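**Student:** Okay, handing you the structure first.
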Amino acid sequence: MTLKSYLEELVQDGAPIRYAELVELSALGPDEMELVRMAWPRIAPDRRLMLVARLVETSEDNVDLDFTQIYKLALKDDGEKVRAKAVTGLWECYERPLMTILLRLLQHDPSMEVRTAAAQALGKYAEMAEDGKLLPNDRNRIQAALLPLVEDAAGPVDLRRRALEAAGVFSDAKVTQLIHSAYEHPDPRMQQSAIFAMGRNANPEWISTIQGALEREEPAMRYEAAQACGEMGSEEMVPHLLPLLKDEDLQVRLSSINALGAIGGSVAKKALTACCRSDDEAISQTASEALASLEMEEDPLHFK
């Protein structure tokens, strides 16, 4: 099937959106994208959302497919959910011009859902800026967009927390203060995002707070704390993670397994090896993958 005939099929409201043919929209050149732009307004709004959602799902399962140009087109869609989903689809795009687009969406899009998605997506650019892979002014622009949102006590919690998570990587005194304040916030969602930000921040001063969060009553908090342990990468976290391998919440157990895989060391390897023998398929598979990744990190030239 040619791209032109596939687009004609997409325009037909009752026609199914078949996974097998989504490859037609991968890695499109300028001429092909012009065909898509012409057809896009003729596709019903709900089908455009369904299409973008399926592209995101498909690309997560097949990293060889590249729908970047479709997502960029969808960022200009009239539908807020289409725009938000397109932002999600661009999670692997590190092009500097996209940073500017995300900043514009964050600051000016009328949809809170789109602004929240943009705040979350800016996290990768914040990390690049912290690592010196962007211009100093880019760092300033990102901080100038994110930090006031975190500070806005009257702002929506979801937007504030995603902005904090994105900005958490910055090693600035201002960011440190915002993380502290978020962890003391009465809303548990802000507290969870504070723990997430602590992991990204990777400052040793957060270790005791993260360790305490591993014992919190809320499963979501224990999950985030385990993830943060993996981000910190400190072997002193390992003894505190081991009890969570028997946590009543499956996601907490899986998060702890991934954290042990990220940290490494003999104790972590022993615990992961034991988890590989679990009767729970999710546990055994996650542990096997974490152990394989860990062993490859330790000895990449001899890994089999």
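The values are calculated or read from the model by the stated rules, or taken from the named source; none is laboratory data. Predicted, not measured: the structure shown is a model, and the values here were computed from it. Cβ atoms come from the backbone with ideal geometry, glycine included; neighbour counts cover every protein chain shown. For the accessible areas, the whole protein counts, side chains as well, though only heavy atoms, and no ligand, DNA or RNA atoms are used. Shrake-Rupley method; radii C 1.70, N 1.55, O 1.52, S 1.80 Å.
**Student:** Every residue in region 143-155 that is open to solvent by 30 Å² or more (accessible area, probe 1.4 Å) and part of a loop (DSSP other than H, G, I, E, B), please.
**Tutor:** Within region 143-155, ASP152, ALA153, ALA154 meet the criteria.
**Student:** Among the residues of region 182-193, what is the count of those that are touching an Asp or Glu at 6+ places or on another chain (Cβ under 9 Å) and among the small types (Gly, Ala, Ser)?
**Tutor:** Selection size over region 182-193: 1.
**Student:** Do we find that MET232 is in contact with a Pro (Cβ under 9 Å, 6 or more places away or on another chain), within 19 Å of ALA167 (Cα to Cα) and either free of Cβ contacts under 8 Å to residues at least 24 places away in the same chain or not basic (Lys, Arg) (or both) in this structure?
**Tutor:** The answer is yes for MET232.
**Student:** Inside region 45-81, can you point out the residues that are small (Gly, Ala, Ser) and either modelled with pLDDT of 95 or more or within 17 Å of ASP109 (Cβ to Cβ) (or both)?
**Tutor:** ALA53, ALA74, GLY79
**Student:** Considering (1) at pLDDT 95 or above; (2) under 25 Å from GLY123 (Cα atoms); (3) surrounded by fewer than 22 Cβ atoms within 10 Å (Cβ to Cβ), say which one SER284 fails and leave the rest.
**Tutor:** All conditions pass for SER284, except number (2).
**Student:** Another one. For region 113-132, state whether one or more residues are more than 23 Å from MET50 (Cα to Cα) and β-branched (Val, Ile, Thr).
**Tutor:** Checking region 113-132: not a single residue is more than 23 Å from MET50 (Cα to Cα) and β-branched (Val, Ile, Thr).
**Student:** How many of the residues making up region 12-58 are aliphatic (A, V, I, L, M) and in contact with an Asp or Glu (Cβ under 7 Å, 6 or more places away or on another chain)?
**Tutor:** Summing the residues that are aliphatic (A, V, I, L, M) and in contact with an Asp or Glu (Cβ under 7 Å, 6 or more places away or on another chain) in region 12-58 gives 3.
**Student:** Now for a separate question. From the list ASP158, ASP172, which one is modelled with pLDDT of 95 or more and surrounded by fewer than 24 Cβ atoms within 10 Å (Cβ to Cβ)?
**Tutor:** Selected residue: ASP158, the only one of ASP158, ASP172 that is modelled with pLDDT of 95 or more and surrounded by fewer than 24 Cβ atoms within 10 Å (Cβ to Cβ).
**Student:** Just to verify a result, which residue in region 179-204, among those that are more than 16 Å from GLY230 (Cα to Cα) and within 21 Å of the chain's Cα centre (by Cα), is most open to solvent (accessible area, probe 1.4 Å)?
**Tutor:** Per the criteria, the residue is ARG189.
**Student:** Same structure again: When you scan region 24-142 for helices (runs of 4 or more DSSP H) that lie fully inside it, which ones turn up with 3 or more residues that are open to solvent by 10 Å² or more (accessible area, probe 1.4 Å) and of a type in the set (D, E, K, R)?
**Tutor:** Passing ranges, in order: 30-39, 45-61, 80-89, 123-130.
**Student:** Now, a different point. Which members of region 205-248 meet the condition of being open to solvent by less than 40 Å² (accessible area, probe 1.4 Å), of a type in the set (Lys, Arg) and part of a loop (DSSP other than H, G, I, E, B)?
**Tutor:** Once the filter is applied, which keeps residues that are open to solvent by less than 40 Å² (accessible area, probe 1.4 Å), of a type in the set (Lys, Arg) and part of a loop (DSSP other than H, G, I, E, B), region 205-248 yields nothing.
**Student:** Would you say LEU164 is within 14 Å of LEU122 (Cβ to Cβ) and either open to solvent by less than 30 Å² (accessible area, probe 1.4 Å) or outside any helix (DSSP H, G or I) (or both)?
**Tutor:** yes
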